[in-house]
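Take a look at the structure set out below.
The values are calculated or read from the model by the stated rules, or taken from the named source; none is laboratory data. Owing to the predicted nature of the structure, the values given are computational and were not obtained by experimental measurement. Methodologically, a virtual Cβ is constructed for each residue, glycine included, from the backbone with ideal geometry; neighbour enumeration extends over all protein chains shown. Remember, those area values only see protein heavy atoms, side chains included, never the ligands or the DNA or RNA. Shrake-Rupley method; radii C 1.70, N 1.55, O 1.52, S 1.80 Å.
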Amino acid sequence: MAASGFTDLREKLKSMTPHRDDYKPKVSDYSNGRKRKYHDSEEDYSDYEEQREVEAQKVQDGIRQVNIFSSVDCAHIEAKIDDVVSKAEKGLYREHTVDRAPLRNKYFFGEGYTYGAQLEKRGPGQERLYSKGEVDDIPDWVHELVIKKLVESRVIPEGFVNSAVINDYQPGGCIVSHVDPIHIFERPIVSVSFFSDSALCFGCKFQFKPIRVSEPVLFLPVRRGSVTVLRQVNIFSSVDCAHIEAKIDDVVSKAEKGLYREHTVDRAPLRNKYFFGEGYTYGAQLEKRGPGQERLYSKGEVDDIPDWVHELVIKKLVESRVIPEGFVNSAVINDYQPGGCIVSHVDPIHIFERPIVSVSFFSDSALCFGCKFQFKPIRVSEPVLFLPVRRGSVTVLSGYAADEITHCIRPQDIKERRAVIILRKTRSDAPRLETKALSATDPPAATPERPRMLKPKRSHRKADPDAAHRYGAPGVEFTGLHKETATVTQMHFLPGQGRLLSLLDDNTLHLWEINLREGSSHLEEIRSFILPGRASFESANAPTSVARVTVILLWNSCDMACLGTEGGGVHFVELPSLTLADSKPLFQDEIMQSVPEEYKCGKTLGPVESLQEHPQCPSKVLIGYSRGLVVLWDQSTRQVDNLFLGNLQLESLGWERSGKTFVSSHSDGGYMVWAVNSSNPRAQQPVTSTIPYGPFPCKAINKIQWRTSESGSPLVLFSGGMPRASYGDRHCVTVLQDKTQVTLDFTSRVIDFFTIHCTESEKEYDDPNALVVLLEEELVVIDLQTTGWPTIPSPYLAPLHSSAITCSYHISNVPAKLWERIVGAGQQQNPLQTHVKWPVNGGKSLSPEPRQKGLLLTGHEDGTVRFWDASGVSLKPLYKLSTANIFQTDCDHNDSLTQQGEDEWPPFRKANGTRKMQSESSSLEEAEGVFEEIQAALSSPALDSPNSSADITLDTTADITVEDVKDFLVSAEEAEKNLKNMSEEEPRSPGILIN
């Protein structure tokens with residue numbers, strides 16, 4: 001894509017080269033750790049960096065990406081591309097239709113042209129079209145499957161395309177930097193990607209022998225099925241802008257005189273809205289808060305779109321093919337004063353069709369994506385993307401930018417008055433307020449109970465990636481270290497055997513066993529195994545990923561493991577010998593014999609995503625493939641019992657206890673319930689299908705389970721599935737039972753979860769009593785028997801780094817009386833909400849009770865001081881003090897960038913391994929007695945501090961300075977040593993570390 005204003009590549013390169021008398025070519029400077037070329041000074045380098053940023057923005061302004069083609073569409077089109085390749089190899093096309101190059105072939109249809117080494121005279125502008133008839137016509141399937149969908153999606157107008165080129169790349173293939181010939185092709189240039197994800201790079205320079213490429217000005221990911229549109233839109237001149245801005249001033253003047261209808265004008269501090277054509281309720285105007293609750297006003301409640309908007313704005317956009325004729329029926333003018341803003345939001349999907357078109361006036365500003373707002377005072381987090389919008393510029397939002405990430409206007413980006421005209425089309429089925437709903441006398445509708453969830457906390461702690469940790473009853477912990485340096489990706493228990501199976505990312509399986517040695521138990525690796533490739537396919541000639549294990553299923557008998565692979569095969573391994581079973585592996589070609597022809601589409605089924613043993617028939621296995629197909633396979637007869645022809649990308653499967661139904665979760669954030677019926681071996685539709693957090697685009701549901709309950713409706717538990725734009729960064733597990741929905745939001749990433757339930761085969765119900773969630777930072781157990789599903793306090797794996805530690809203090813030999821006071825204060829602060837004991841109770845700790853108590857104090861970035869029991873093997877939280885209320889400012893200390901606003905949905909319920917607090921903070925007055933004793937302990941010579949003296953105390957009634965606490969300061973090295981030795985029994989010198 002050429003930068004705006006350049007028609008010749010040489011002219012562009014010349015403009016980028018400095019021309020000064022003192023210019024020295026290719027001078028490198030490593031003095032400040034950065035390699036620099038062609039620039040003699042920091043100022044020159046800054047100018048170069050700024051120039052690259054400006055150029056990147058010009059490129060970004062000329063790009064549009066949309067998602068139109070589904071996985072099924074892609075599979076169909078990819079089969080057609082394979083047909084093109086096959087015909088070309090048979091010589092069925094005209095001479096100039098096929099252009100071959102190493103690792104990349106081109107197929108011209110409709111029109112072809114000479115380029116590169118084919119040119120008689122080299123250089124930009126020398127390319128020429130072939131004579132008519134030199135290349136084959138555009139195939140019918142391109143018109144029907146590709147061009148038609150682009151026209152229907154308003155990416156291109158009807159009849160626009162007369163040239164189609166297929167570029168077929170092999171791994172390592174490329175196409176060098178170029179500009180599509182301006183003198184040959186009109187804009188826009190539209191491309192659709194297939195087979196795999198890749199990237200489009202702008203502004204690179206190539207070097208050859210060997211081939212090398214410079215850093216791009218812009219790196220643009222292009223995913224399978226994505227549509228990329230390259231264009232440069234310059235529609236409104238300065239004269240046009242001045243004319244339109246005068247009209248906007250007229251609108252403001254009329255509004256101040258009260259000449260518009262009531263709902264046309266919407267005033268807010270530093271920002272006024274003017275609705276024309278269609279208006280809608282949003283934010284605080286909603287009776288029921290949250291996305292999806294917005295409603296259009298009744299017809300006639302707002303004024304019609306002014307004639308000047310049609311004549312001066314919409315008409316020019318139609319002429320420039322930005323929008324089709326008759327598209328716009330809603331126009332909104334947002335008028336911002338300096339410092340004005342609009343908070344992060346997604347334009348309601350259920351009300352407005354896409355694209356969303358906006359035109360900016362009066363001044364330059366910026367549109368930011370992915371920000372979070374904080375109020376009192378107003379603050380905004382760093383955006384995912386900062387998009388400058390200049391006076392007269394046109395911004396078109398669709399696809400991911402419109403639907404799957406929030407956008408906003410930040411107050412710091414409105415430095416002068418700025419107005420924007422937003423043009424949209426309402427959906428024909430958009431919900432609308434009735435006239436009576438606008439009356440203030442009508443009572444609001446009853447709001448159903450909403451799921452309760454909570455906000456996350458940041459953490460940066462990392463576990464040993466190559467270690468296997470095994471926890472049981474409090475105080476019982478086994479650790480085994482793999483000999484390999486690879487990362488552990490899966491672990492599976494062999495119940496009743498004291499064995500553990502682990503899978504590493506190098507595709508090796510390892511069997512661990514707890515053995516008694518020298519009077520104590522140890523976790524030891526006893527054997528390992530790597531899955532061999534399939535002859536003539538999963539072999540040395542095939543990609544290594546084909547035989548990579550994706551999922552492991554341990555049979556209930558624990559004598560066999562099923563291994564699903566990326567190549568779609570299922571292998572059977574005997575346990576505990578860890579050897580391949582005599583039974584033949586199951587490969588995709590055997591499954592495909594039972595799949596109907598119309599479902600095949602010439603594509604494979606993809607990797608095995610899930611394996612689930614039938615709860616009533618141990619010889620049957622439910623196999624789920626990435627493409628969406630689910631198969632019930634009978635290993636004893638080696639036959640397919642049932643096919644479930646799903647079309648959505650599969651994530652996981654879960655059986656219902658009777659084996660009559662199962663549930664599948666998918667990449668769109670939804671799940672489906674399927675009936676297993678011997679009379680209907682090919683099910684095309686599920687019994688039910690739902691997206692719990694729709695209608696907005698949602699993240700994938702990574703894992704799902706179905707548990708039956710004697711007391712009522714079954715429980716459906718799943719991880720993920722949150723709305724992508726608003727809550728895509730949350731780590732959640734949702735529990736559904738009838739009309740009750742609880743969404744647990746955790747402080748770190750969810751690794752896995754399972755339920756503790758009845759496994760006796762003669763029982764009719766699962767009756768789960770606890771939900772166990774393994775997180776990146778902790779292990780959390782939810783009591784499913786107690787009303788409200790509270791958290792069971794965790795005896796280990798507490799999240800020490802839930803907020804970054806800024807300082808720490810360790811005290812050994814804590815007096816018994818003081819210890820009791822601290823524990824008592826913690827119990828008052830965190831009352832138990834459940835009396836259920838910790839359910840993970842395997843093993844017995846042989847360690848004696850510690851003879852002395854150790855206390856660790858940690859100061860955190862969020863202003864809290866936390867007290868930890870450091871007497872045993874693992875840290876246990878005792879008490880939490882929040883100091884934020886002491887340093888009260890104009891900003892409410894409870895505000896947070898991760899705190900949800902009152903308009904957001906759903907509300908979050910906190911879930912972590914510590915007991916739920918009655919209040920988020922405890923004042924110094926509440927802890928006064930405890931701190932008096934701690935201060936006395938700190939000043940006691942018995943603690944053997946560096947400069948201990950009975951006369952040294954900390955004056956907490958006035959400002960505390962470094963001089964006041966210098967006798968307790970130690971170096972960072974000494975403090976680290978204290979922490980490493982804190983489990984030892986002998987007394988140690990305490991110290992305060994201030995960073």
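In the assembled protein chains, Cys601 presents an accessible area of approximately 40 Å² (probe radius 1.4 Å). Here the accessible area of segment 139-184 is 52 percent carbon and sulfur, with a 1.4 angstrom probe and all protein chains present. Using the basic label-point model (7 angstrom from Cα toward the beta carbon), what is the Leu481 to Arg682 distance in nanometres? With each label placed 7 Å out from Cα toward Cβ, I get 5.7 nm. For segment 234-426, the per residue solvent-accessible surface stands at 42 Å², with DNA, RNA and ligands left out and a 1.4 Å probe. Gain on full extension, evaluated as 0.36 nm per residue between Lys316 and His178 minus their Cα-Cα distance, stands at 46.6 nm. Summary of the geometry: segment 669-710 and segment 303-377, compared by the centres of their Cα atoms, lie 38 Å apart. Taking amide H as placed 1.01 Å from N in the peptide plane, Ser344 has its amide H under 5 Å from the amide H of Phe373, each at least 5 places away in sequence or on another chain.
Rg over Rh for segment 553-628 works out to 1.00, both radii taken from alpha-carbon positions and Rh defined as the Kirkwood radius. Once both labels are positioned 7 Å from their Cα atoms along Cα-to-Cβ, the gap between Asp429 and Lys148 label points is 2.2 nm.
So what is the orientation-averaged projected area of segment 50-231, using the convex hull of its C-alpha atoms, in nm²?
11.4 nm²
Round to the nearest 0.05 the FRET efficiency obtained for Lys205 and Phe386 when R0 = 22 Å and r is the Cβ-Cβ distance. FRET efficiency, Lys205 to Phe386: 0.25. Average accessible surface for segment 596-686: 38 Å² per residue, computed with a 1.4 Å probe over protein heavy atoms with every protein chain in place. Taking all protein chains as they are arranged and a probe of 1.4 Å, the heavy atoms of Cys201 leave approximately 60 Å² accessible to solvent. Put a dot 7 Å past the Cα of His522, heading toward its Cβ, do the same for Cys601, and the two dots end up 5.5 nm apart.
Per atom type, segment 224-378 shows carbon and sulfur on 49% of its accessible surface, probed at 1.4 Å.
The residue among Pro188, His76, Ser153 whose Cα reaches farthest toward the positive pole of the charge dipole of segment 50-231, with charges on the beta-carbon of Lys, Arg, Asp and Glu, is Pro188. Charges were assigned to the Cβ only: +1 to each Lys and Arg, -1 to each Asp and Glu. The resulting dipole of segment 523-680 about its Cα centre is roughly 180 debye. Accessible surface comparison of Ser428, Ser665, probe 1.4 Å, protein chains only, largest first: the order is Ser428, Ser665. Here, segment 182-239 has an Rg and a Dmax of 15.4, 52 Å when only alpha carbons are counted. Take segment 50-231 with all the other protein chains still there, run a 1.4 Å probe, and you get 58 Å² of accessible area per residue. Relative to one another, the C-alpha centroids of segment 484-499 and segment 404-418 are positioned 50 Å apart.
With respect to the cross-link table entries Lys80/Lys132; Lys315/Lys425; Lys483/Lys876, which display a Cα-Cα separation exceeding 20 Å?
Lys80/Lys132; Lys483/Lys876
Stretched out straight at 0.36 nm per residue, the stretch from Ser363 to Glu776 would grow longer than its current Cα-Cα span by 144.0 nm.
Based on the Cβ-Cβ distance of Lys844 and Ile886, what FRET efficiency does E = 1/(1 + (r/R0)^6) give at R0 = 51 Å, to the nearest 0.05? The calculated FRET efficiency here is 0.70.
Net length available on complete extension from Tyr130 to Gln593 is 162.1 nm, with 0.36 nm assigned per residue and the Cα-Cα distance removed. Note on segment 170-273: Cα-Cα pairs beyond 25 Å make up 54% of the total pair count. Database remark: amide H of Gly568 closer than 5 angstrom to the amide H of Val608 (H placed geometrically; neighbours at sequence offset of 5 or more, or on other chains; Pro and chain starts carry no H).
For Asp304, the accessible surface of its heavy atoms amounts to roughly 120 Å² (probe 1.4 Å, protein chains only, rounded to the nearest 10). For segment 234-426, the Kirkwood radius over C-alpha pairs fed into Stokes-Einstein at 25 °C and 0.890 mPa s yields D = 143 µm² per second.
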